[in-house]
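Taking it in order: structure first as structure tokens, then the write-up.
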Amino acid sequence: MDFSQIVPALPDLWEGMKLTLELLVMAVVGGIALGTVLALLRLSSNPLLSGFAKGYVNIFRSVPLLLVIIWFYLAVPMLLNWITGDFVPVGAFASCLVAFMMFEAAYYCEIVRAGIQSISRGQVNAAYALGMTYGQAMRLVILPQAFRKMMPLLLQQSIILFQDTSLVYAVGLMDFLSSARSRGDILGLPHEFLLFAGAVYFMVSFFASQMVKRLQKRLAV
Amino acid sequence: MSEMISIQNVSKWYGEFQVLTDCTTSVAKGEVVVVCGPSGSGKSTLIKCVNALEPFQKGEIIVNGTSVGNPKTNLPKLRSQVGMVFQHFELFPHLTITENLAIAQIKVLGRGRDEAEAKGLALLERVGLKAHAHKHPGQLSGGQQQRVAIARALAMDPICMLFDEPTSALDPEMINEVLDVMTELAQEGMTMMCVTHEMGFARRVADRVIFMDRGHIVEDCHKDAFFGSPRSERAQQFLSKILQH
Ligand SMILES: Nc1ncnc2c1ncn2[C@@H]1O[C@H](COP(=O)(O)OP(=O)(O)OP(=O)(O)O)[C@@H](O)[C@H]1O
Ligand SMILES: [Mg+2]
């Protein structure tokens, strides 16, 4: 084992990590936004809307993420071509981002839905009684409380996503894991680099989980 | 006297179960009406129908000339004119007291933040809680929270107020501080419909008493008539039970 070659490779690995984090942050923000919309649809009294959201969640929870990534890589450019009539080149990054957002939205949807349902009917009634519309009641009263309660779960789900971003190797994106692997292969030190990458994933996920646990304790008070 | 709330032949079902049966009554401008009756008799349901927090299937409710059941009615606008106070206060726990008082004024009535906060503060002072403006609801006692909730409703300049058992979640020593605020409000001429079991309050402040049982309005009369000689046996039993306490 020779770990000495890792230090000179760190700038390259950092480039990979930057891509991983960029993808993660955008997918989390987009996924939670889309997941919230889905949760509102799911809770709608309109059977068409709630049925759509239910179907969406069931489909994305029943297929492997890897398949969604590959499928979007192939489908998104075709879809855009079909909509705009032009050939629009879509990078692997954009298609991966869309895939993660849409896939994770299914999971965030269920978390947000549980969060909204945990807010008492009395709070909803109080908001309505003050003359708020449905949108105002959600935005000003229900969602802020629901997100507070659900923050630990949303973060936990995002830590899982952090690990899952490594699946982008399938469409050739140079994320942290891919860049560690390729460096290792070039230098003939694949084991060392993979071990190092594993240690980094572990440390980041472990410490993030610990922080979530502490947050959970603080919110519970 | 002109009518503020008119309830005409209202019936309501939860699935097969009939909660309200042919309820008819009214509240005149400036009048204070107390609604009482055993648990599960439909008091909360009736009062929630008045500002359309609950839909009803039959009959009509008219608030200040506007039909509540009409699908064309702008319900948020109607509700913004009808203050409501709940058993469990329902202050917004993620906002400070000041924000609780200001938020609907700003978002619903379109008032400026300064104006809304000044109005909220003035009302807080009125209910004796100005010093707590910066706190969150969880830091206040039940009685204090309920007084804030009343101030929050008043901040909207309501044309009438609905109360759903405002004191029944409170410790006994806090009940009076809330009843005092309500009494003062009644004396200023506010139109009030109060679900409450505080018969002392009803005796002192109410004009009329409505007694409900199993979804029916069984008695609807002047308070003296109600406390003097309730006609129905159910009301007599109810009164003797509640006055024993
Ligand atoms: N959402 C609901 N679905 C089905 N039944 C309901 C629902 N809400 C209330 N009920 C029933 O309707 C009846 C009247 O309820 P309501 O809350 O109006 O009674 P209440 O007179 O306010 O009683 P309490 O003094 O306990 O507050 C009760 O039997 C209750 O179980
Ligand atoms: Mg009730």
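The values are calculated or read from the model by the stated rules, or taken from the named source; none is laboratory data. Predicted, not measured: the structure shown is a model, and the values here were computed from it. Heads up, the Cβs are rebuilt from the backbone with ideal geometry, glycines too, and the neighbour counts pull from every protein chain shown.
Condition test on residue B:155, is it within 11 Å of chain A (Cβ to nearest Cβ), among the small types (Gly, Ala, Ser) and touching a helix residue (DSSP H, G or I) at 6+ places or on another chain (Cβ under 6 Å)? Reasoning before the result, please.
Details: within 11 Å of chain A (Cβ to nearest Cβ): yes; among the small types (Gly, Ala, Ser): yes; touching a helix residue (DSSP H, G or I) at 6+ places or on another chain (Cβ under 6 Å): yes.
So residue B:155 fits the description; yes.
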Could you say which residue among A:76, A:63 is closer than 22 Å to residue A:171 by Cα and in a loop (DSSP other than H, G, I, E, B)? A:63
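For every residue, the table says whether it meets (1) modelled with pLDDT of 95 or more; (2) buried (at least 16 other Cβ atoms within 10 Å of the Cβ); (3) closer than 15 Å to residue B:24 by Cα.
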residue	(1), (2), (3)
B:50	yes, yes, yes
B:57	yes, no, yes
B:62	yes, yes, yes
B:71	no, no, no
B:75	yes, yes, no
B:82	yes, yes, no
B:85	yes, yes, no
B:88	yes, yes, no
B:91	yes, yes, no
I'm told residue A:174 meets every condition in (1) touching a residue at least 60 places away in the same chain (Cβ under 8 Å); (2) touching a Ser or Thr at 6+ places or on another chain (Cβ under 7 Å); (3) not in a helix (DSSP H, G or I) except one. Can you identify the failing condition by its number? (2)
Which residue pairs have Cβ atoms closer than 8 Å, lie 6 or more positions apart in sequence or on different chains, and pair a first residue in the range B:29-45 that is in contact (Cβ under 8 Å) with a residue 12 or more places away in the chain and within 10 Å of ligand 2 (Cβ to nearest atom) with a second residue that is of a type in the set (D, E, K, R) and in a helix (DSSP H, G or I)? B:35/B:43; B:37/B:43
Count of the range B:3-52 residues which are touching a helix residue (DSSP H, G or I) at 6+ places or on another chain (Cβ under 8 Å) and either within 14 Å of chain A (Cβ to nearest Cβ) or within 11 Å of ligand 1 (Cβ to nearest atom) (or both): 10
Please work out if residue B:11 is surrounded by fewer than 22 Cβ atoms within 10 Å (Cβ to Cβ) and outside any strand (DSSP E or B). no
For a quick check of your reading: which helices (runs of 4 or more DSSP H) sit entirely within the range B:188-245 and have at least 1 residues that are touching a residue at least 24 places away in the same chain (Cβ under 8 Å) and farther than 30 Å from residue B:157 by Cα? B:223-228, B:233-244
